[in-house]
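One structure below.
The values are calculated or read from the model by the stated rules, or taken from the named source; none is laboratory data. All figures in this text were calculated on a predicted structure; none of them were measured in a lab. Virtual Cβ from ideal backbone geometry, glycine too; neighbours counted across all protein chains shown.
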Amino acid sequence: MALSGIEIYKLLPGGLKPPHPKANCKECGFPTCLAFAMKLAAKQAELASCQYVSEEAQEKLAAAAAPPIRLIKVSSNGHEVAAGNETVMYRHEKTFFHPAGVFVRINDSDGLDAIRELVSTADEYKVNYVGMDLAVDGFAIKSTGDAATFSAGVEAVRGATKRPLILISADAAVMEAGLKAAGDSKSLICGASPENWEAMAALAKSHKAPLTVGGSTLDEMAELTDKIKAAGVEDMVLNPVVTTLPEALGVWTQLRRLALRKTFRPLGYPIIAFPSQFSADSQIAAVQAIAKYAGFIVLDRFNPADLYPLLVFRQNIYTDPQKPIQVSPGLYEINNPGPDSPVMVTTNFSITYFSVSNEVEGSGRKGWLLVADAEGMSVLTAWAAGKFDAERIAKTVKSTGIESKVNHRRLTIPGHVAVLSGELEDELPGWEIKVGPREAVNLPQYLKLME
Amino acid sequence: MSKYIATRAIRGATGLVGEAERMLSQAIADKGPETPVQFPNTAYYLPTILGLTGREVSTLGDLVPLMERARSLLHPVPASQLWKPYLGETLDAGVGTLLAAETIEAVRFVNGEQPERWPGFEMGGGTDYPHLKDGHLNGPIDDIQLRSWGIQLVDGRMPGFAAIVGCAKSNEVAVELVRQLQQRNILIFLSGNVNGRSIIHQLQEEGVEMGYDTYIVPFGTDTISAIYALGFATRSALTFGGMKGGMPREIFLYNKFRVFAFVLALGEVDDLKYAAAAGAISYGFPVIADTVIPEIRPSGVTQYEHVISMPFDEIQAENDLERAKKMVQKAIEVRGVKIRVTEVPIPVPYGSAFEGEVVRKNDMRVEFGGKHTRAFEYLYMADSDQVEDGKVSIVGPTFADLPEQGAMDMGIVIKVAGRKMQTDFEPVLERQVHYFINGASGIQHIGQRDIAWIRISKAAADRGFNLEHFGKILIARFHADFGAIVDKVEVTIYTDPDKLKFWLEKARTAYDFRNRRLADLTDEAVTEFYSCTLCQSFAPNHVCVVTPQRLGLCGAYNWLDCKASFQINPTGPNQPINKGTTIDPVKGYWSGPIEFTRQASHGFVQDVSLYSIMENPMTACGCFECIVMLIPEANGVMVVSREDPSMTPAGMTFSTLAGMAGGGLQTPGVMGVGKYYLTSPKFISADGGFKRVVWMSSILKQTMADEFVQVLEREEAPGFLDQVADETICTDVDGLLTHMTEVGHPALEMDPMF
Amino acid sequence: MPVEIPKEKWTGKVRLVTLGATAAEGGTRTRRVTVGGGTTLPFLFFEGDMPHKPVIGIEIRDRKPDDWSPLLGLAWGEAMNDPGDWAKAAEQAGADAIVLAFNLADADGKAPTAAHAKATVRKVLQATGLPVIVNGPGQADLDNELLVAAAEEGAGERLVLGLCEDRNYRTIVAAALGHGHLVQARTAMDVNLAKQLNILITDMQLPLDRVLMDPTTGALGYGIEYGYSVMERLRIAALQGDSMTQCPMIVTPGEEAWKAKESKVGEGVPKAWGDWQERAINWELVTASSLVESGADIVVLRHPESVKRVHAMIDAMMAG
């Protein structure tokens, strides 16, 4: 049973009787011990942030606080990909925290020039989605069996990208050569199997690198992680052998459940997925991996037309359901508007923005769309919360310079906030406030009537 | 049950069954038992017989056992000295009558006597009968038309049907009755006669077009043809209700609750009409007669009254047309037919788009209330017969003679009646006046009760907006939005000083009464709380439990609102929660709210206390007006208002705290609440109540000053509010503790909170 | 180390719903489609059944739409000029059901009439033996007029009539009742609204085995996460035994995905978006396949290539 914030608070400096001298010291980054306790209870803070907890208290808390899926990081040159620390089966229960790292796979036999070219292209790849730059997280290099070739391949990749790497070989000697070539980055070793685990574990230990653990059954993997842990390796990633879409879905679901529901530590690690291994349609397989619990995904090829949708999908699935995606407030031009085009205003909740801009764009009519900073809420919610009021709308009108771009003073507000029209006329002297439709879908018709 | 009616109905039924038996055996003798029988335009055999007995009659022979069945339903006529409730016997007689009537019509079809021949009669739409080229009445309604009208009846565009039997007082009355029904989109079926003269004759003489096209269907000139109306009702249940033949109970209930039909019995009611009326009552269709007959008032089989007598000449009205109008109105009322009002009949545009309009002084034609005059609005409930639906009266002068930008006193008094109306809903409805009036373009409404303030713009006045239109708006909107609880609305606008004064006093007495009623409305005094799951769209596992003493955390829904909301929308987010067994009255644990919350939070909240912040506090969505949070060092709680952007002793501002309090997560020590909950005796009463408040946003202290005066009286702590710190005194724990010690805050001496 | 796999013990089950009626049931369809029956979340065969696979509807229009992506025009070609031809082409492309949607206006900008609706429905019913789903153009009055006509024309065929929405459901439900059809009940990405609409529909006596829930989805990048999660929540509620959420779900990823700029536009877009055709199909594919994983029983698609790939996915899934 998880402890409540108040129960935790009683064990923290501020909650002791009498209070510890460091009560409410703020060193943990939270304003009070109670606030910190509540964050701990919500699994949004780490106990290690407080240096003043007694050992006895630490024991009591640690059991409740250790994340059921271990957080695993791979990194290099300031780039880092983290997976794990997830707390829920379904995103609506809370949120998914660490977006799956998307890696592009290279074969060391592909030829060094080709490798360099592909990797630098993929490394530079960047696509903008609602103001965010999405990119590939790293590269995986697969050995064809020869240490020297692998070493050269890794070196070529390393030379073309600073991003983290996944090194793939079943042969410990080859792996060692690769690790050496990868330099001081923290790469993911892929990986250990029942046959080679001792040598691989030794490498992981000496390089302080995380290690994937393969197995064809959960029993086998659980046994292996225990042995590897005993050998001194804490950071592991599960690499279950799966050959079909439904098998992958089943196994991944079972792994997540075991970790979250049973706190089954031997399988409490993130998962790595190779979409092309279990489906002829690797795009669909990658979608499943993103939605259904993979922490690292290794793609077979680099193709922007595949990658862009996947990266957007990952962004969508990993959006915090309680903190919706926002677009930047400001002035958006639709279909090259002119000085006499209508001016509309909406909120910066991404879905709201998209619905409005899509409808106007689709209608073929020109328009200026003002996006007010409503803290990412939809029109009605923001209005109810006081985040989309006359003052904020007026501020948006004034700060975006729309007044110098149009030769009229007519502003259309969403029908749901018709009630703001009077107040808004006070805030914006000289402007005529028009009440638009309640739903974006009726905008084209509205704009037609306006003409 | 009237013995008189029982006697007449049973007598009528007995006669008709005898007649049916006679006709049937004659037909079998003439044509043989294998002769096919059918209504030619339906796939439901003889529909009433199919519905009530499950028998698929296709030959004359098939009808024989049905006649035995009908006879078995005939009980002896009540002996003159015996008094008992005869409803069962009468209804049986009614069913027997239906079986007999349909049998008779079927035999007549075999004999070529149906539909009724009427040379020269022209109908707009209907089944074609080649052998009756020279003119005929409608006979049964065909399946295609049944589906087409059925869809409209089921989706509500057509409120119901009226079966008119007999003959009206005059042709003029006949036409008016039909027009009144047509205006309301009610389907009209005609049959029967009085001394050979039928309403069908009357309408034909007046040139009223009949047929499917005009929604007026002449079945036949005898009472027996009224069976087609019940055949239509039966087929509706079979087609749209998913019923099968032989499910009489289900078919009756379907019609009672879903087919809003009634019978208008015009002229003298003979035995046969009594018997047929008994059949209609089984379907839940009440009978309204324009002659003196015994009434059957207690409801049961029909939704409201069974039989109503409205002697035509005694209806209080200026003339016969008005009487006809009132009769239709009464019928609609008795059946509980709801008419939809779609348009607000005023000379300016109307819609929620105009809600926020401001009418500035310069643009104003006239104002009521505000600085120099007074306006009030008062809604009360009255008995149905005291409310004339749709009526607007103006008592006193209008603003026509007032100068531009003038001002005058005005009172809007709204009288409503409804079978589901309750006095408790009066304030809930009255508050809607603000929104309703604001919807008119060029009208501005602020405030409520006796501090209302209304302006009419010049533009609106120029377009003809006057006092009467306030009434029109209110009547239309109350019907449209609150039709589930309001049947009739009448509005009187008072500008006459004496009358206004009189009504203002009445209104104030009512406001006072309501205030006291609210104060008396305690959690202990009720058996049901209400849920609010409106916010689950963004906080999927959050459930508000709204009690009389704990309003919704958004401040928008109190217990009465939820109660009314449930009446209006029984499937909506406000559901009654039976309190169940009391587990702990101090902390506020009841089995009902716990079970409801468990289920509606999808298992995320296992237990909920209604009066504690420390133990299983209620969750919050994110709409809360205030956040209450434990300050452990101070042994009390702080209350932060949504409107307060400053730092608090918890080290967090409102917006940071909101992340902890919201999202449907149960976090002991933090709670989102509505600000009026602060004044409730049940405010964290398990943890020590209002005296636990050690810090409160100053804006709350200011805006709630009046309300807090009463709280302090209750708590017998007159100077307490001065002991509560705010952001102007301190924004950290140390400052708070210093302040508390200085002023001697009582929380310091109270039991530890945990 | 033997690992005990935790299995969900759901008490609920998705209701079975059959679209289309063959001659034996009083219709003229040559194939019926049954969806639902699942006793666990999609494809988790280690703990439950999924007796009927998710199916694909292909959206066709009463006339060639003016605002569809040119890529769709290329895919369907001449067939788009006639709803009958289009329905045949859709059947050949692998549709399990035909979704006939009416445009808001005809080529002259006039609203379609009841007679037009009847003629079009007749044409489609004659062209294909598949079950047919009929959607109005999305304006209450017009929807009601067209759908009542469609219901009449297709009496006995077990059509699906849509869209029933909380603001406009009564006439459509009544038409379904009167002529033996099903309804598509759409609500705006909200579990409680979906439940509420189902309560209202059942209140009108339409049994729940004639209701498909349409919880609405956004396209990839345009709110798919809402649709995805609402479907997951609805399905979990159904499995937990909440009767009003136990209807199979239908969603329209095709319509949503092809509204997105990413699929509609080929020029003047960032190079990082990649090849237009590939990307556009991917947009529909990613939207649809993720919704199939979150509980969709019927996905309505537009492009034959995505149809092919989603079919392959479903077949792979069902092979278990």
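One table, with the values for the structure above:
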{"item": "Any chance A:S76 is surrounded by fewer than 17 Cβ atoms within 10 Å (Cβ to Cβ) and either of a type in the set (S, T, N, Q) or in the same structural domain as A:I189 (by TED's automatic domain parsing) (or both)", "result": "no"}
{"item": "Helices (runs of 4 or more DSSP H) wholly inside segment A:310-404 that include at least 2 residues being within 26 Å of C:S294 (Cβ to Cβ)", "result": "A:350-363, A:379-384"}
{"item": "Selected residue (only one of B:D706, B:D751, B:D722 is part of a loop (DSSP other than H, G, I, E, B), more than 19 Å from B:A650 (Cβ to Cβ) and either within 14 Å of chain A (Cβ to nearest Cβ) or of a type in the set (D, E) (or both))", "result": "B:D751"}
{"item": "Residues of segment A:405-449 classified as part of a helix (DSSP H, G or I), over 28 Å from B:H445 (Cβ atoms) and over 39 Å from the mean Cα position of the chain (by Cα), total", "result": "1"}
{"item": "Selection status of B:V673, under 30 Å from A:T95 (Cβ atoms) and buried (at least 22 other Cβ atoms within 10 Å of the Cβ)", "result": "yes"}
{"item": "Considering residues of segment A:24-64 that are within 8 Å of chain B (Cβ to nearest Cβ) and in a loop (DSSP other than H, G, I, E, B) only, the residue nearest to A:G84 (Cα to Cα)", "result": "A:A42"}
{"item": "Selection from segment C:180-226 of residues that are at the interface with chain A (Cβ under 10 Å from one of its Cβ atoms) and farther than 20 Å from B:Q599 by Cβ", "result": "C:A188, C:M189, C:G218, C:A219, C:L220, C:G221, C:Y222, C:G223, C:I224, C:E225, C:Y226"}
{"item": "Tally of residues being in contact with a strand residue (DSSP E or B) (Cβ under 9 Å, 6 or more places away or on another chain) and either modelled with pLDDT of 90 or more or hydrophobic (A, V, I, L, M, F, W, C) (or both) across segment B:70-125", "result": "11"}
{"item": "Matching residues, segment B:389-431, being assigned to a helix (DSSP H, G or I) and buried (at least 16 other Cβ atoms within 10 Å of the Cβ)", "result": "B:D424, B:F425, B:E426, B:P427, B:V428, B:L429, B:E430"}
{"item": "Single condition A:I189 does not satisfy, out of (1) of a type in the set (A, V, I, L, M, F, W, C); (2) touching a His at 6+ places or on another chain (Cβ under 9 Å); (3) part of a loop (DSSP other than H, G, I, E, B)", "result": "(3)"}
{"item": "Some residue of segment A:435-445 being surrounded by 20 or more Cβ atoms within 10 Å (Cβ to Cβ) and within 14 Å of chain B (Cβ to nearest Cβ)", "result": "yes"}
{"item": "Residues being within 13 Å of chain A (Cβ to nearest Cβ), surrounded by 24 or more Cβ atoms within 10 Å (Cβ to Cβ) and of a type in the set (A, V, I, L, M, F, W, C) - total across segment B:625-652", "result": "7"}
{"item": "Some residue of segment B:353-375 being part of a loop (DSSP other than H, G, I, E, B) and under 30 Å from B:G160 (Cβ atoms)", "result": "no"}
{"item": "Any hit, segment B:689-701, residues being touching a Gly at 6+ places or on another chain (Cβ under 6 Å), of a type in the set (G, A, S) and at negative phi", "result": "no"}
{"item": "C:A87 part of a helix (DSSP H, G or I) and over 30 Å from C:P112 (Cβ atoms)", "result": "no"}
{"item": "Selection count, segment A:286-295, where residues are more than 10 Å from chain C (Cβ to nearest Cβ) and among the hydrophobic types (A, V, I, L, M, F, W, C)", "result": "2"}
{"item": "Segment A:296-309, subset closer than 16 Å to C:A272 by Cα and in a loop (DSSP other than H, G, I, E, B), residue nearest to the other protein chains (Cβ to nearest Cβ)", "result": "A:N303"}
{"item": "Selected residue [of a type in the set (K, R) and within 21 Å of B:E505 (Cβ to Cβ)] from B:K391, B:K415, B:K371", "result": "B:K415"}
{"item": "Residue identified as away from every other protein chain (no Cβ under 14 Å) and in contact with a helix residue (DSSP H, G or I) (Cβ under 9 Å, 6 or more places away or on another chain) among A:L218, A:L238, A:L245, A:L211", "result": "A:L211"}
{"item": "Residue within segment B:160-175 that is under 22 Å from B:K325 (Cα atoms), polar (S, T, N, Q) and in contact with a helix residue (DSSP H, G or I) (Cβ under 8 Å, 6 or more places away or on another chain) present", "result": "yes"}
{"item": "Members of segment B:535-574 found to be buried (at least 20 other Cβ atoms within 10 Å of the Cβ) and of a type in the set (A, V, I, L, M), listed by number", "result": "B:A539, B:V543, B:V545, B:V546, B:L551, B:L553, B:L560, B:A564"}
{"item": "Set C:Y222, C:Y226: member being buried (at least 24 other Cβ atoms within 10 Å of the Cβ) and closer than 26 Å to A:K126 by Cα", "result": "C:Y222"}
{"item": "Residues (in contact with a strand residue (DSSP E or B) (Cβ under 9 Å, 6 or more places away or on another chain) and either under 12 Å from C:T217 (Cβ atoms) or crowded, with 24+ Cβ neighbours inside 10 Å (or both)) located in segment C:307-320", "result": "C:V307, C:V310"}
{"item": "Within segment B:88-129, tally of residues that are farther than 19 Å from B:A229 by Cα, of a type in the set (G, A, S) and assigned to a loop (DSSP other than H, G, I, E, B)", "result": "2"}
{"item": "Total residues in segment C:261-291, condition in contact with a Phe, Trp or Tyr (Cβ under 9 Å, 6 or more places away or on another chain), more than 9 Å from chain A (Cβ to nearest Cβ) and crowded, with 22+ Cβ neighbours inside 10 Å", "result": "3"}
{"item": "Residues satisfying the stated conditions in segment A:2-23, i.e. at the interface with another protein chain (Cβ under 8 Å from one of its Cβ atoms) and either among the aromatic types (F, W, Y) or surrounded by 21 or more Cβ atoms within 10 Å (Cβ to Cβ) (or both)", "result": "A:G5, A:I6, A:Y9, A:G14, A:G15"}
{"item": "Subset of segment B:549-600 [farther than 16 Å from B:E528 by Cβ and either in a helix (DSSP H, G or I) or within 24 Å of the chain's Cα centre (by Cα) (or both)]", "result": "B:A556, B:I568, B:N569, B:T571, B:R598, B:Q599"}
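For every residue, the table says whether it meets (1) free of Cβ contacts under 8 Å to residues at least 40 places away in the same chain; (2) in the same structural domain as B:S148 (by TED's automatic domain parsing); (3) buried (at least 18 other Cβ atoms within 10 Å of the Cβ); (4) not polar (S, T, N, Q).
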residue	(1), (2), (3), (4)
B:G207	yes, yes, no, yes
B:T223	no, yes, yes, no
B:A229	no, yes, yes, yes
B:T234	no, yes, yes, no
B:K244	no, yes, no, yes
B:I251	no, yes, yes, yes
B:N255	yes, yes, yes, no
B:A276	no, yes, yes, yes
B:Y283	no, yes, yes, yes
